[in-house]
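Following: one structure in structure tokens, then a few remarks.
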Amino acid sequence: MTTPTTTTTTTTTAATFTAPPVTLARVRLGAGGPLSDVRVEKGLVTAVYPAGGAPRAPGERLDLDGRTLLPGLWDAHVHMVQWAGVRRRLDLSGAGSARAAADAAGRRAVALPPGEILVGYGFRDGLWPDTPGKELLDAVAGDRPVLLISADLHCAWLNSAALAALGHGDHPTGLLREGAGMRATADLTAVSDEVTDRWVHEACAAAAARGVTGVIDFEYADNITHWTRRARTAPMPLRVAASIWLPHLDAAIERGLRTGQVLDTPGGLLQVGPFKLLTDGSLNTRTALCHDAYPGLDPGTPGAHGLEEVSPADLVALLRHASCHGIQPAVHAIGDRANEMALDAFEAVRCHGRVEHGQLLATKDIPRFAELGVTVGVQPTHAVDDRDVADRHWSGRTHRAYAFADLLRAGAVLELGSDAPVAPLDPWLTIASAVARTDGEREPFHPEQRIPVADALAGSTRGRRLIRVGDPADLVVTDADPLDADARTLREMPVHATMLAGAWTHRGPS
């Protein structure tokens, strides 16, 4: 008999496992790995044998015919309710001008029932030749409320009827940026908890079909409360780390919640995520906080360098307040000045945490992430989608934008995500963007910042490069080995099956 690989590693999750045991036979153990048999029981990987060496045991024996077994994939940055709703909204990602976006909204308005709000998403006005304004939407939609959400989620474009519904009837332009736009989006797109939860569950199931076993949810909401309700209502197809926003921070502290803590919900799949806070805005909205002024703006005028959402002193105070109670910060920083400010705050407080996005970095700041133990949550598809906007508004600086290879060389820990709905919740699209820096239609954008497939996979699996005995059985089976795949195959990676805590959440034909 072949002796299995064993270890005394134990899981730290509080999950309750009810899935029947299974032997995954003739599967490649990791990208480029050997053919193996893998035994899964009680939600854990309990044994690994050379192919054909697993003894007969209770439960299913599934011959995977040489497919590749990988650790389950995580999307380290999603806005789940927004992503769940986006598939029901007007897609404006192809609009090349404010007029084109308004005309598309007008055509959709005709088909909607009277009084129903028209919601669109995905517009990118950073390169538009004209300026969006409420009058354009009033002309095509009349009294019907219209809400159009930018691709980066940092701007909302409303018509007069929608503004009036929010009590902003006297707003001069209908463009609400940053916090005002996020609040408008939350208020105008609100549906019942029952409907929202159904949409979210459908979106999670679709993510599982792409190999996702976990997400960090940065929805602008009371995420602990909402995900607790969802977990107690229906089985969860993903692990969720639910972030905490400032309005809910003190309540979380009073409850004694700590980042990474598994909450008492069925399956133990819900955990406390980080404390999310913003230092600046976004590139497309020209509110990312930068050392250099945006082109065409007087450096001495307000907003010429972007938006400072929080002062350096307040940022330090907030990081200290959260971290001393065991809640790790996740600091949104896109511009180079914002990233410097975030790193300065981490250095002052000396706590672990995350910087979300890290899109434009001063060269001197790149080594500081590793030096300070700060994880960088990056979204590689943004480097592909925003390259033209970056070339215009960060002209001369794009060699240090989306600097994934430089960060890895400096020892930083990267975690990859989509920022869905800014990009699709599909980890293979994310991985392919990190590896190729192109969608396949154009030359790579700064190819020197491409990263190897193995590192992109590690950034999508919370650092799990290997599958070992004692690991939670969060696994994905692919029809192709990612190490042998070209960029197109990576983007379209055929996922055969996904397993969460030993239970199938997606399974293709045998």
Probe 1.4 Å, all protein chains in place: accessible area of Thr185 in Å², nearest 10?
-> 10
Net charge of Cβ neighbours under 9 Å - reference Val495; Lys, Arg +1; Asp, Glu -1 = 0
Compare Tyr49, Tyr294 by solvent-accessible area with a 1.4 Å probe and give them largest first, with all protein chains kept in place.
-> Tyr49, Tyr294
Percent RCO, i.e. relative contact order, over the chain, from Cα pairs under 8 Å lying at least 6 residues apart | 18
Nearest 10, in degrees from 0 to 90: the angle of helix 98-111 to the longest Cα principal axis of the chain is 70
Quick one: ranking Ile117, Ile366 by accessible area, 1.4 Å probe, largest first, what do you get?
-> Ile117, Ile366
Taking the inverse of the average 1/r across all pairs of different Cα atoms in the range 295-377, what Kirkwood radius in Å do you get?
-> 13.2
Lys364 accessible area, assembled protein chains, probe 1.4 Å, Å² | 120
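Just the number please: accessible area per residue for the chain, 1.4 Å probe, all protein chains included, in Å².
39
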Where the Cα atoms of the range 98-210 are projected onto their three principal axes, how long is each span, largest first, in whole Å?
-> 41, 32, 29
Taking N as its residue count, the alpha carbon Rg of the range 217-354 over 2.2 N^0.38 Å | 1.20
Among DSSP beta bridges lying fully in the range 78-219, give the percent that are antiparallel, nearest 5.
-> 45
Charge sum, other residues only, whose C-beta stays under 12 Å from Ser243's C-beta, Lys/Arg counted +1 and Asp/Glu -1 = -2
Extended-chain gain in nm, criterion 0.36 nm per residue less alpha-carbon gap, Asp344 and Arg465 = 40.5 nm
Restricted to the range 21-118, the DSSP antiparallel beta bridge percent, nearest 5, is 65
Beta bridge orientation in the chain: antiparallel %, DSSP, nearest 5 | 45
Evaluated at 25 °C and 0.890 mPa s, the Stokes-Einstein D of the chain based on the Kirkwood radius over Cα pairs, in µm²/s, stands at 103
Is the shape of the range 365-486 best called rounded, prolate or oblate, per the rule: a/c under 1.5 gives rounded, else a/b larger than b/c gives prolate, else oblate, with a ≥ b ≥ c the square roots of the Cα gyration tensor eigenvalues?
-> oblate
Classify the range 424-510 as rounded, prolate or oblate from the Cα gyration tensor: take a ≥ b ≥ c as the square roots of its eigenvalues, call it rounded if a/c is under 1.5, otherwise prolate when a/b beats b/c and oblate if not.
-> prolate
At a probe size of 1.4 Å, how large is the accessible area of Ser150, to the nearest 10 Å²?
-> 0
Starting from the Cα of Arg442, step 7 Å toward the Cβ, then list every residue of the range 99-135 with an amide N under 19 Å from that point.
-> 122-130
Extend 7 Å from the Cα of Lys42 along its Cα-to-C-beta direction; within the range 250-291, residues with backbone N under 17 Å of that point are 267-268
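With a 10 Å radius around each residue's Cβ, average the other Cβ atoms per peptide and rank 304-312, 462-470, 325-333, 71-79, highest first.
71-79, 325-333, 304-312, 462-470
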Leaving ligands, DNA and RNA out of it, report the carbon-plus-sulfur percent of the accessible area of the chain at a 1.4 Å probe.
-> 52
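Would you mind giving the three semi-axes, in whole Å and largest first, of the ellipsoid equivalent to the range 171-298 according to its Cα gyration tensor?
The three semi-axes for the range 171-298 are 31, 18, 16 Å.
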Take peptides 401-408, 206-213 and line them up by average Cβ neighbours within 10 Å, highest first, as a rough protection proxy.
-> 206-213, 401-408
Taking the range 355-419 on its own, what percent of its Cα-Cα pair distances exceed 16 Å?
-> 41
What angle do you read, to the nearest 10 degrees and between 0 and 90, between the alpha-carbon axis of helix 178-188 and the longest principal axis of the chain?
-> 80
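The values are calculated or read from the model by the stated rules, or taken from the named source; none is laboratory data. On a predicted model such as this, the values are computed, not experimentally measured, just so you know. When we count neighbours, we look across all protein chains shown, and the Cβ atoms used for this are built from the backbone with ideal geometry, even at glycine. Only protein heavy atoms, including side chains, enter the accessible area calculation; ligands, DNA and RNA are left aside. Shrake-Rupley method; radii C 1.70, N 1.55, O 1.52, S 1.80 Å.
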